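A.B. asks: Below are the structure tokens for one structure; questions will follow.
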Amino acid sequence: MRVYFFALCILIWGCKKRETGVQPPYNTGNLSINITYSVDAQPLSWNDLVYKNEAGNEYSISKLQYYLSDFRFYKNNILLQGVDSVFYIDANISNTNNLLFRNINSEKYDSVSFCIGVMPAKNSIGGLPATVDNNNMVWPDMMGGGYHFLKLEGHWKDTTGLNGFAMHLGKNGFQCFTGLKCKIDILPQSLSVWQIKMNINEWFRTPNVYNFSTDGVYTMGNDLLMQKIKENGVNVFSIL
Amino acid sequence: MKNKTIALTAALITAFTITIISCKKEKTTSDTNTTETTVLTPYEILLPTRFPELVIPDDNKPYEERIQLGRELYYDPILSNDGRSCASCHIQSQGFTISEMKYDMPVLPHINLGWYSNFMWDGSKQGTLEDVMQFETRDFFSTDLAKMNSSSKYKALFKKCFGVDNITHKEIGYALAQFTRTLISGDSKYDRYLSGAIDLTPFEKKGMEIFYTEKGDCFHCHTNVMYTDNLFHNTGVDSIYAKEADKGYYNVTKNILDLGKFKTPNLRNVALRTHFMHDGRYTSLDEVVEFYNNGVRKVSNLDPIMTKPGKINGLKLTAEDKAALIAFLKTLTDTTFLNNTALGKPE
């Protein structure tokens with residue numbers, strides 16, 4: 001028996017060096033926020049012309065890419081922890097829909113706020129790490145500079161046939177701040193999971209009913225339309 | 001008793017072995033192929049201003065010797081069985097392509113390939129540069145391995161660079177990937193403008209403004225600094241897909257939504273080309289710009305970016321706008337790249 005113990009010690013000791021950096025504090029845990037999608041009661045199915053928005057436009061979705069940033073965790077309306085990370089999310093690439101937060105203080109949080117988009121401090125070209133994904137999200141300097149906060153694209157049926165739409169948000173001032181009640185219990189040194197859902201139809205619903213045929217199909221470069229979408233963005237997430 | 005001792009000893013040995021195996025990853029030698037006798041010189045690929053990071057597979061990190069071997073191969077007709085080398089069609093002075101139309105589709109340029117994961121006009125090859133280069137030697141050129149292995153020059157070089165006694169398509173592809181990853185164009189007039197070294201003319205700036213605003217709206221696909229998103233789009237070049245080759249990405253996915261989609265071509269050095277689009281149908285940049293201005297066909301899977309209100313009836317660019325846009329496209333010509341002797345035929 002003692003030999004087994006000895007062997008085990010060697011095993012542990014032999015690998016110890018591998019742990020680099022500082023040990024995480026014992027009163028923190030990790031949090032994974034998992035995002036799923038729906039269009040009201042329907043699941044998200046790419047390029048399927050099966051959705052209808054509040055204005056009655058029949059539409060499909062071909063692209064949904066966005067950033068989430070400035071996560072803040074609260075208890076009794078007191079801000080207990082903020083996280084500086086910016087997450088790039090492509091609804092079509094599953095691993096980007098699991099946001100991992102390391103070393104969150106162990107607490108029972110009751111609400112979370114965050115930003116759909118990139119906070120002004122990082123919203124200039126080069127403000128985010130130079131990855132191909134981030135580069136594809138660049139919002140040109142001539143149009144205000146920074147990154148697209150949202151690209152929601154697809155097709156819709158008008159009287160003449162299928163047409164495209166591209167709901168793009170970007171430019172400082174058009175970050176969308178939102179929040180959710182939650183019950184997140186971060187236990188020391190364990191992983192908690194929180195599921196949230198984006199209802200894509202909410203981008204077109206409250207407070208501004210968005211109609212492709214009267215409002216237009218293209219928001220980029222049009223502050224009025226971006227404002228509508230930004231305001232609607234407050235309601236797109238809910239807890240699962 | 002004896003059995004027990006043996007069992008315990010075995011357990012101990014196992015524990016040791018596990019320790020060693022489980023800790024092996026710690027060693028950071030990224031290169032597993034280097035033999036003990038040769039030491040390769042690590043090479044740092046320098047990225048131009050604002051370029052995104054280059055993701056390089058762990059098993060083919062850049063080494064000077066491997067890059068040089070790739071360069072030898074790129075210019076050597078030994079790879080083919082008909083006297084051609086890669087450089088017969090991918091000519092440096094023309095931007096590693098052929099400007100005239102010699103085949104049924106324009107030769108795609110070898111520019112900044114290291115950032116791609118989709119290759120060919122229709123996306124028929126996907127993966128890493130190592131993957132596509134193995135295809136090039138194995139399938140496109142059907143490189144004769146017996147011929148390679150009987151070359152004392154290449155035997156020695158592959159032994160030195162990859163530690164192999166027997167050359168296969170894999171090592172040839174890896175070496176080609178090493179070299180082609182260094183074919184980086186990032187010193188055009190536009191790049192120098194970005195880094196603050198020079199200014200563009202007001203006319204070029206006007207073109208840049210059209211390119212990078214909703215007026216021309218070119219940047220969503222021909223993205224910031226890279227000038228391609230390396231993805232597939234139907235831009236309304238055709239409304240019926242008469243030739244097989246016009247079906248584009250559909251030929252790969254067989255998904256009807258992908259009909260007429262093509263990989264966004266890289267616009268760097270585009271002014272050197274004389275045939276444009278997947279079948280070379282346009283023979284000047286004027287024609288291409290006029291296509292975007294007035295010729296986009298309305299098809300059901302037209303990319304949403306192409307269907308914004310202003311674009312249904314064309315971009316409504318004036319003659320001067322169009323000329324400015326072309327003047328801007330010409331600032332993407334990179335003479336440093338075209339003349340860089342380190343990328344040319346080895347002595």
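Readers should treat all values here as calculations from the given coordinates under stated rules, not as data from a laboratory. If you're wondering where the values come from, they're calculated on a predicted model, not measured in any experiment. No Cβ is skipped: glycine too gets one built from the backbone with ideal geometry, and neighbour counts run over all protein chains shown.
A.B. asks: Helix A:223-233 sits at what angle to the longest principal axis of chain A, using alpha carbons and giving 0 to 90 degrees rounded to 10?
C.D. replies: Approximately 50 degrees, to the nearest 10.
A.B. asks: I would also like to ask the following. Over region A:28-239, calculate the relative contact order: mean separation of alpha carbon pairs under 8 Å at least 6 apart, over the residue count, as a percent. Working shown, then result.
C.D. replies: On the way: 508 pairs, mean separation 58.3, N = 212.
Computed value for region A:28-239: 27 percent relative contact order.
A.B. asks: How long is the gain from B:A156 to B:E320 if the chain were fully straight, where each residue apart is worth 0.36 nm and the alpha carbon distance is subtracted? Spell out each step's value before the answer.
C.D. replies: Values: separation 164, 0.36 × 164 = 59.04 nm, distance 5.86 nm.
Working it through step by step, the gained length comes to 53.2 nm.
A.B. asks: Using alpha-carbon pairs under 8 Å, 6+ residues apart, how would you state the relative contact order of region B:189-331 in percent? Mind showing how you got there, number by number?
C.D. replies: Values: 199 pairs, mean separation 43.3, N = 143.
Across region B:189-331, relative contact order equals 30 percent.
A.B. asks: Could I ask something else about it? Report ³J(HN,Hα) in whole Hz for each residue of region B:134-143, in order, from the Karplus equation J = 6.51 cos²θ - 1.76 cosθ + 1.60 where θ = phi - 60°; Gly and Pro get x.
C.D. replies: 5, 4, 4, 7, 6, 9, 6, 9, 6, 3
A.B. asks: To the nearest 10 degrees, how steep is helix B:2-23 against the longest Cα principal axis of chain B, on a 0 to 90 scale?
C.D. replies: Result, in degrees: 30.
A.B. asks: With each run of n ≥ 4 DSSP H residues scored as -39500 (n - 2.57), what mean residue ellipticity at 222 nm is computed for chain B after dividing by its residue count and rounding to the nearest 500 deg cm²/dmol?
C.D. replies: On the way: 14 runs with 119 residues, N = 347.
Only helices count here, giving -9500 deg cm²/dmol.
A.B. asks: Still on this model: What chymotrypsin sites (Phe, Trp or Tyr not before Pro) does region B:263-292 have in DSSP loop regions with at most 15 other beta carbons within 10 Å? Before the final figure, lay out the partial values.
C.D. replies: Numbers: sites: B:F276, B:Y282, B:F291, B:Y292; in loops: none.
The qualifying sites: there are none.
A.B. asks: Using only atoms on other chains, find how many Cβ atoms lie within 10 Å of each Cβ of peptide A:127-140 and report the average. Working shown, then result.
C.D. replies: Numbers: counts 0, 0, 2, 7, 3, 12, 1, 3, 10, 10, 2, 9, 3, 11.
Across the residues of A:127-140, the mean count of other-chain Cβ atoms within 10 Å is 5.
A.B. asks: May I pose another question? For chain A, what does the helix formula give at 222 nm: sum of -39500 (n - 2.57) over DSSP H segments with n ≥ 4, over the residue count, nearest 500 deg cm²/dmol? Could the numbers behind the result be given before it?
C.D. replies: Details: 4 runs with 35 residues, N = 240.
Rounded to the nearest 500, it is -4000 deg cm²/dmol.
A.B. asks: Non-local amide H neighbours of A:Q81 (under 5 Å, H modeled in plane, Pro and chain starts lacking H): which ones?
C.D. replies: Sorted by chain and number, the residues that satisfy this are A:F73.
A.B. asks: Would you mind giving the mean number of other chain beta-carbons within 10 Å of the Cβ of each residue in B:225-238, as a whole number?
C.D. replies: Working: counts 4, 4, 0, 1, 3, 2, 2, 0, 0, 0, 0, 0, 0, 0.
Whole-number average of other-chain Cβ neighbours for B:225-238 is 1.
A.B. asks: Roughly what angle does helix A:2-16 make with the longest principal axis of chain A, taking Cα atoms, 0 to 90 degrees, to the nearest 10?
C.D. replies: So the helix axis and the longest Cα principal axis differ by about 50 degrees.
A.B. asks: Please give the peptides A:100-107, B:148-155 ranked by average Cβ packing (other Cβ atoms within 10 Å per residue), highest first, as a rough proxy for protection.
C.D. replies: Values: A:100-107: 16.0, B:148-155: 14.5.
For the peptides A:100-107, B:148-155, the packing ranking is A:100-107, B:148-155.
A.B. asks: Let me ask something else. Mind giving me the nanometre distance, one decimal, between the label points for B:I45 and A:D84, set 7 Å out from Cα along Cα→Cβ?
C.D. replies: 3.0 nm
A.B. asks: Follow-up question, since we're still on this one. Could I have the simple spin-label model distance between A:V193 and A:N76, label points 7 Å from Cα toward Cβ, reported in nm to one decimal?
C.D. replies: Placing both labels 7 Å along Cα→Cβ, they lie 3.1 nm apart.
A.B. asks: Averaged over its residues, how many other protein chain Cβ atoms are within 10 Å of peptide B:215-224's Cβ atoms? Numbers along the way, then the final one.
C.D. replies: Values: counts 2, 0, 5, 0, 5, 9, 1, 0, 6, 9.
That works out to 4 on average.
A.B. asks: Give me, ordered by chain and number, the residues 5 or more places off B:N230 or on other chains with an amide H under 5 Å from its own placed amide H.
C.D. replies: Close amide H contacts, sequence-distant or interchain: B:T264.
A.B. asks: Which far-off residues, 5 or more places away or on another chain, put their amide H under 5 Å from the one on A:Y37, with H placed in the peptide plane?
C.D. replies: Close amide H contacts, sequence-distant or interchain: A:L44, A:M198.
A.B. asks: Can I ask one more? For a Förster distance of 35 Å, can you work out the FRET efficiency between the beta-carbons of B:A197 and B:C89, rounded to the nearest 0.05? Please report the intermediate quantities before stating the final value.
C.D. replies: Values: r = 33 Å, r/R0 = 0.95.
Plugging the Cβ-Cβ distance into 1/(1 + (r/R0)^6) gives 0.60.
A.B. asks: A follow-up question, please. For B:T335, project a label point 7 Å along Cα to C-beta. Then give me every residue of region B:183-216 with its amide nitrogen under 12 Å of that point.
C.D. replies: B:188-189
A.B. asks: Using a Förster radius of 30 Å, what is the FRET efficiency between B:E287 and B:K254 based on their Cβ-Cβ separation? Nearest 0.05, please. Numbers along the way, then the final one.
C.D. replies: Values: r = 31 Å, r/R0 = 1.04.
About 0.45, to the nearest 0.05.
A.B. asks: Over 23 Å between Cα atoms, which of A:K122/A:K181; A:K63/A:K157; A:K52/A:K197; A:K197/B:K263; A:K181/A:K230 qualify? Mind showing how you got there, number by number?
C.D. replies: Working: A:K122/A:K181 27 Å; A:K63/A:K157 17 Å; A:K52/A:K197 18 Å; A:K197/B:K263 32 Å; A:K181/A:K230 20 Å.
Where the Cα-Cα span goes over 23 Å, the pairs concerned are A:K122/A:K181; A:K197/B:K263.
A.B. asks: Continuing with this model, one more query. If the limit is 20 Å between Cα atoms, which of A:K171/B:K215; B:K61/B:K170; B:K170/B:K247; B:K125/B:K170 go over it?
C.D. replies: On the way: A:K171/B:K215 17 Å; B:K61/B:K170 15 Å; B:K170/B:K247 31 Å; B:K125/B:K170 16 Å.
B:K170/B:K247, as the Cα separations exceed 20 Å there.
A.B. asks: Taking θ as phi - 60°, what are the ³J(HN,Hα) couplings along region B:178-194 by the Karplus curve (6.51, -1.76, 1.60), each to the nearest whole Hz, with x for Gly and Pro?
C.D. replies: These are the phi-based 3J(HN,Hα) values: 4, 6, 5, 5, 8, 7, 9, 9, x, 10, 6, 4, 4, 4, 5, 5, 4 Hz.
A.B. asks: Something else now. Label region B:189-331 by shape, choosing from rounded, prolate and oblate, from the square roots a ≥ b ≥ c of the eigenvalues of the Cα gyration tensor; if a/c is under 1.5 it is rounded, and otherwise prolate applies when a/b is larger than b/c, oblate when it is not.
C.D. replies: On the way: a/c = 1.96, a/b = 1.66, b/c = 1.18.
Prolate shape, in that a/c is at least 1.5 and a/b is the bigger ratio.
A.B. asks: Subtract the Cα-Cα distance of A:E58 and A:D133 from 0.36 nm times their separation in residues, and report this length gain in nm to one decimal. Numbers along the way, then the final one.
C.D. replies: On the way: separation 75, 0.36 × 75 = 27.00 nm, distance 2.95 nm.
Net length gain for the segment: 24.0 nm.
A.B. asks: Does the protein assembly as shown come out rounded, prolate or oblate by the C-alpha gyration tensor, with a ≥ b ≥ c the root eigenvalues, rounded set by a/c under 1.5 and, if not, prolate when a/b is larger than b/c and oblate if not?
C.D. replies: On the way: a/c = 1.98, a/b = 1.06, b/c = 1.87.
Oblate, since a/c reaches 1.5 and b/c is not below a/b.
A.B. asks: Same structure again: Highest first, please rank the peptides A:196-204, B:92-100 by the mean number of other Cβ atoms sitting within 10 Å of their residues.
C.D. replies: Values: A:196-204: 20.9, B:92-100: 18.8.
Most protected by this proxy first, the peptides run A:196-204, B:92-100.
A.B. asks: Give the calculated FRET efficiency between A:N34 and B:E100 to the nearest 0.05, with a Förster radius of 60 Å applied to their Cβ-Cβ distance.
C.D. replies: Numbers: r = 53 Å, r/R0 = 0.89.
Calculated value: 0.65.
A.B. asks: Here's a follow-up. In nm, give the distance between the simple-model label positions of A:Q227 and B:D59, each being 7 Å from the Cα along the Cα-to-Cβ direction.
C.D. replies: Result for the modelled spin labels: 5.7 nm.
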